[in-house]
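Comments concern the structure below.
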Amino acid sequence: MNMHTHPSASGQMILSVQGLAKHFEMHHLRRTLHAFDKVDFELREGEFILLTGENGAGKSTLLRTLYRSYVPRGGHAYYHTREGVIDLTVAADVDIALLRKREIGFVTQFLQARPRVAAEELVAEPLRLAGRPYDEAIEEARRWLSAFGVKRGLWAAYPSTFPAASSRRSTWLARSSSRNGFSFSTSQPPRSTRMRVAHSLPASPS
């Protein structure tokens, strides 16, 4: 598993991972499967980190461990929340649930949008749940859709009808990113999209 970072010029620290490890106990085989060991990296506002590697290298497992779907075997993952720094590896389940609702997103290639929900409504939904007024949430949603390269003519359309799969993925990434935190994605957006988002959005979206 390899990491490639598109650097941020001056973004503040979001995530600091130190010595993260994940193993699976295969009881029926009486063996331990080592997904990854001693992973270290830092993520700043405006940065993208691209994980590459062959199947089984531990890419998705690493993301799910950071999202706390899996409990790590060792190490630390210090996330800089709006209220302060929290170690995702030992945080209480209630705190993880709150972070998922407010700040942290997870996007897989298997997500399907609800039918008859416009893209801009889908992206605005987390903002509305966080208490943002409707008009403000829609405006912010459109900004994120634009940043991720979704054409203006598709904003009021249903993602399930989008002709390109990349536009559907970008819509989910826009929804996840709109929370002003950070997102994990097991589906790689095009390089042009990563470059566009990195250069068109401020470090701390309003």
query = What is the magnitude of the charge dipole of segment 1-102 about its Cα centre, with +1 placed on the Cβ of each Lys and Arg, -1 on the Cβ of each Asp and Glu, and no other charges, expressed in debye to the nearest 20?
reply = 340
query = Which order, highest average first, do 127-137, 27-37 follow once you tally other Cβ atoms within 10 Å for each residue and take the mean per peptide?
reply = 127-137, 27-37
ask   = Dividing the alpha-carbon Rg of segment 114-169 by 2.2 N^0.38 Å yields what?
value = 1.06
query = Ranked highest first by the average count of other Cβ atoms within 10 Å around their residues, in what order do 149-162, 55-68 fall?
reply = 55-68, 149-162
message = Can you give me the long-range amide H partners of TYR70? Hydrogens built in the peptide plane at 1.01 Å from N, cutoff under 5 Å, separation of 5 or more residues or another chain.
response = THR65
remark   = Residue-ordered couplings for segment 166-178, obtained by feeding phi - 60° into the Karplus form 6.51 cos²θ - 1.76 cosθ + 1.60 and rounding to whole Hz (Gly and Pro as x), are 5, 5, 5, 5, 5, 5, 5, 5, 5, 4, 5, 6, 5
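Readers should treat all values here as calculations from the given coordinates under stated rules, not as data from a laboratory. Bear in mind the structure is a predicted one, so any value in this text is a computation, not a measurement. Because the Cβ atoms are built from the backbone with ideal geometry, glycine has one as well, and the counts that use them run over all protein chains shown.
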